[in-house]
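Below is one structure, written out as structure tokens; comments come after it.
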Amino acid sequence: MIMEWMALLLARGVATPGKLALAALIALAGSAGAAEPYPDHPITLIVPYAAAGSSDVLARLIGERMSKSLGQQVVIDNRAGAGSRLGTELAAKSAADGYTLLLADMPHTIVPAIQKGVHYDPVQDFMPIDLIGTASMVFFVNPAVKAQTVRDFVALAKAEPGKITIASGGIGSATHLTAELFQAKAVIKLVHVPFRGAGPAMNDLVAGHVQSGFTTLATTSSVLDRVRALAVASKTRLPTLTNVPTFMESGIDLVVEHWWGVLAPVGLPGEIAARLTGELKAILDSQEFAARLEPLGVTVSHVTPEQFRGLIESDTARWADIVKSVGISEP
């Protein structure tokens, strides 16, 4: 079509070949831009953990639905290492064009306070797209522990300071920081036993090698009958554990919710950010999606990007204070 238009103008002597060539380039560029709205090729969603974990499961549930709604494949890229640091740094350095996103969770705000040489700022280097969901931390003990309530447990810990063990998914993990916050709030001293992940920590708790530990309900769903839940670190009781009181009910001001959300590199154009936020909101508003998350102990928690940024800012400050007060550092 463009070639026919050029030939006609040349035949009539209306324009020179040079001017027509320039006009053709402009026309082609405009038509190409108009024909290829975002997204025009696959999107990568980085998960800074190995496959099969809770972040990976959520990413695949989100990715499957976004692929359908956006008309482009959302590719899950597992980049495990350094407690989520490697994958997060990769996302921070990626182009802010909407084709690289990050599935972040609470350790996104913890790692910079513990590890040395972290090359990203959890707040300034990312643009929040949407929060996906939250899961309350639950405090479990081995059934052999002579404590039926949190008050009983605190009394035991005060009677035998530095003797009762508490497991975590590793130094600086969300379960470790929650344990440290619990000890500070309850004014007790426990023996921290770090593991390589919340799963192995829970396995040893079930076996009786350690006596207590925090984790989300998703990690314990298959062993709930072999551990005792004493309290949940949430504002209200969990629908799936209605007989387990909150820490607040037990007289301890402890509320810790693990969260997951989608971030993009800072500088993402506003129209693309709005498109992604809208797509995620439609997914989160689906009853079918909420039903898929319920067995994982995860509650859908859609918020505005501004509210999500506020959560990241507050958690970053909160955990930095805990890390400093306790003196936690990378091994």
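Coordinate-derived values only; no laboratory data. Every value quoted in this text rests on a predicted model; they were computed, and no experiment measured them. Positions of Cβ are backbone-derived with ideal geometry, glycine not excepted, and every protein chain shown enters the neighbour counts.
Remark on residue 192: its backbone amide H falls under 5 Å from those of 166, a criterion applied only to residues 5 or more positions apart or on other chains, H modelled at 1.01 Å from N.
Less than 5 angstrom separates the built amide H of residue 210 from those of 205, all sequence-distant by 5 or more or on a different chain. The simple spin-label model puts a point 7 Å past each Cα toward its Cβ; for residue 317 and residue 253 those points are separated by 1.5 nm. Considering only 111, 182, 154, the residue lying farthest towards the positive end of the dipole of the chain is 154, judged by Cα position with unit charges set on Cβ.
Against the main long axis of the alpha-carbon atoms of the chain, helix 54-70 sits at an angle near 30°. For the residue pairs 235/324; 93/235; 116/189; 116/235; 116/185, alpha carbon separations beyond 32 Å are given by 93/235; 116/235. Along the positive direction of the dipole of the chain (beta-carbon charges: Lys, Arg +1; Asp, Glu -1; about the Cα centre), which of 207, 258, 139 reaches farthest? Highest projection toward the positive end goes to 207. Evaluated with a Cβ-only charge set (Lys, Arg +1; Asp, Glu -1), the chain carries a dipole of roughly 620 debye about its Cα centre, given to the nearest 20.
Computed per residue of the chain from DSSP H runs no shorter than four, each worth -39500 (n - 2.57), the mean residue ellipticity at 222 nm is -13000 deg cm²/dmol. Relative to the dominant Cα principal axis of the chain, helix 17-35 is inclined by about 30°.
Peptides 52-62, 128-138, 229-239 ranked from most to least packed by the mean count of surrounding Cβ atoms within 10 Å: 128-138, 52-62, 229-239.
Between the alpha-carbon centers of region 102-170 and region 210-224, tell me the distance in whole angstrom. Each part reduced to its Cα centre gives a spacing of 12 Å. Under a model in which nothing but the beta-carbon of Lys, Arg (+1) and Asp, Glu (-1) is charged, region 136-232 shows a dipole of about 180 debye around its Cα centre. Treating the angle as unsigned and between 0 and 90°, give the value, to the nearest 10°, between the Cα long axis of helix 2-11 and the longest Cα principal axis of the chain. Taking Cα atoms only, the helix is inclined about 20 degrees.
Ranked by the mean number of other Cβ atoms within 10 Å of their residues, highest first, the peptides 278-291, 94-107 fall in the order 94-107, 278-291.
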